[in-house]
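What follows is one structure encoded as structure tokens, with my remarks underneath.
The values are calculated or read from the model by the stated rules, or taken from the named source; none is laboratory data. None of these values were measured; they are calculated from a predicted model. Note: ideal-geometry Cβ built from the backbone for every residue, glycine included; neighbour counts use all protein chains shown.
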């Protein structure tokens, strides 16, 4: 790209878009708002997706915003898209992580490599790092170091990148999802759809499905999107059944002991099967409802999350999006993202549990009992944490603006 003011730049927003994933939706929409604020209405924004129909559920194409399909065998398409744009922005929060699949990490690093080869500026925008293999650490060190600016969403994530030897400029802000604004008409959605006296939210994840791995063939029911299949075995099936039963018993406990209804929060479509199994195992299914990203958009899901009395979550963005409502929460985690978030919001010591912790659900019930009986102090702590993260999230736009201005771009103040 030639240096000099860019009046109508072409911007590629590359991430996990169009997967019926509430967190990715909220983060993308907030990032689009940031790009418009920085670059104005004439900037052409391009959002690639594996499933454009799902992306169009919540993102409307306009004259200066377009959606393009990207295949699962993506190398040539990524190369072409990078070549055709003036700025590459990596928007996926779980950018430098391979918990769910190595394929996504490879795609983001490939886009970074092509941006470097074509001389296009590349920004990783409010992203994270986490568990990766030694081989992937080496790949991240080699390719992510070619990024022009990396904005991490947590301090721990930034420290991991430095530990891995990434030499690109690294700054810390917060997830842009903290800036996401819901539609006011959705404010009372939880009360309308689950009207009886307050609710506990459960955002469960079937950890046994991951990682998603490439295969030439497999059962259709286990196919994410060919050629990628969920991990599965008899042992994993049994573990998934135990997980559903444990969550069902937890849900029934909340109904019986505290008189709360249950909102089963499916933050991505892949959570639907587990939520359905939990509901089927409950003694009080009439007191529960599934809220799935398959049906509800990011505004509706975030509104429900922010209206809960308590959230028990294995999903990072359930915890993040609920923070504006100062909702007391407990984490059952399978990777470092929730651990890092709970470090940042001051909840890790008391309310964070690894999924393999002994007597896990007994401990969760004890903490839930405390939070439902006396949430006041925790709500105050979470209100302060939200103010801090909202301010930090605004720094991503500022940091990107300073970088682009230093390259001679016409950036709004």
Residue 109 being at pLDDT 95 or above, in contact with a helix residue (DSSP H, G or I) (Cβ under 7 Å, 6 or more places away or on another chain), outside the structural domain of residue 322 (by TED's automatic domain parsing) and farther than 19 Å from residue 21 by Cα:
yes
Against the conditions (1) modelled with pLDDT under 95; (2) touching a strand residue (DSSP E or B) at 6+ places or on another chain (Cβ under 9 Å); (3) in a helix (DSSP H, G or I), where does residue 104 fall short? Just the number, please.
(2)
Within region 121-136, can one find any residue that is within 27 Å of residue 293 (Cα to Cα), part of a helix (DSSP H, G or I) and outside the structural domain of residue 340 (by TED's automatic domain parsing)?
no
Can you tell me which residue is surrounded by the fewest Cβ atoms within 10 Å (Cβ to Cβ) among those in region 56-79 that are in contact with a helix residue (DSSP H, G or I) (Cβ under 9 Å, 6 or more places away or on another chain) and part of a helix (DSSP H, G or I)?
75
With respect to residue 174, determine if the residue is crowded, with 20+ Cβ neighbours inside 10 Å and at pLDDT 95 or above.
yes
Those residues that are touching a residue at least 40 places away in the same chain (Cβ under 8 Å) and either over 24 Å from residue 251 (Cβ atoms) or not assigned by TED's automatic domain parsing to the domain that holds residue 307 (or both), I need them from region 345-379; list them, please.
345
Take the conditions within 23 Å of the chain's Cα centre (by Cα) and at pLDDT 95 or above and apply them to residue 209. Does it pass?
no
Can you tell me which residue in region 290-308 is surrounded by the fewest Cβ atoms within 10 Å (Cβ to Cβ), limited to those that are under 30 Å from residue 374 (Cβ atoms) and in contact with a strand residue (DSSP E or B) (Cβ under 6 Å, 6 or more places away or on another chain)?
290
Give, as residue ranges, the helices (runs of 4 or more DSSP H) completely inside region 315-376 that count at least 3 residues that are out of contact with any helix residue (DSSP H, G or I) (no Cβ under 7 Å at 6 or more places or on another chain).
360-373
Among the residues of region 158-190, how many are within 19 Å of residue 26 (Cβ to Cβ) and touching a strand residue (DSSP E or B) at 6+ places or on another chain (Cβ under 8 Å)?
5
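Can you find a residue that is in contact with a strand residue (DSSP E or B) (Cβ under 6 Å, 6 or more places away or on another chain), farther than 30 Å from residue 289 by Cβ and either in the same structural domain as residue 334 (by TED's automatic domain parsing) or surrounded by fewer than 19 Cβ atoms within 10 Å (Cβ to Cβ) (or both) anywhere in region 138-157?
yes
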Can you run down the residue pairs with Cβ atoms below 7 Å, 6 or more apart or on separate chains, where the first is in region 44-60 and at pLDDT below 90 and the partner is surrounded by fewer than 17 Cβ atoms within 10 Å (Cβ to Cβ)?
50/72; 50/225
Output the number of the condition that residue 200 fails; it satisfies all remaining conditions of (1) more than 30 Å from residue 392 (Cβ to Cβ); (2) touching a strand residue (DSSP E or B) at 6+ places or on another chain (Cβ under 7 Å).
(1)
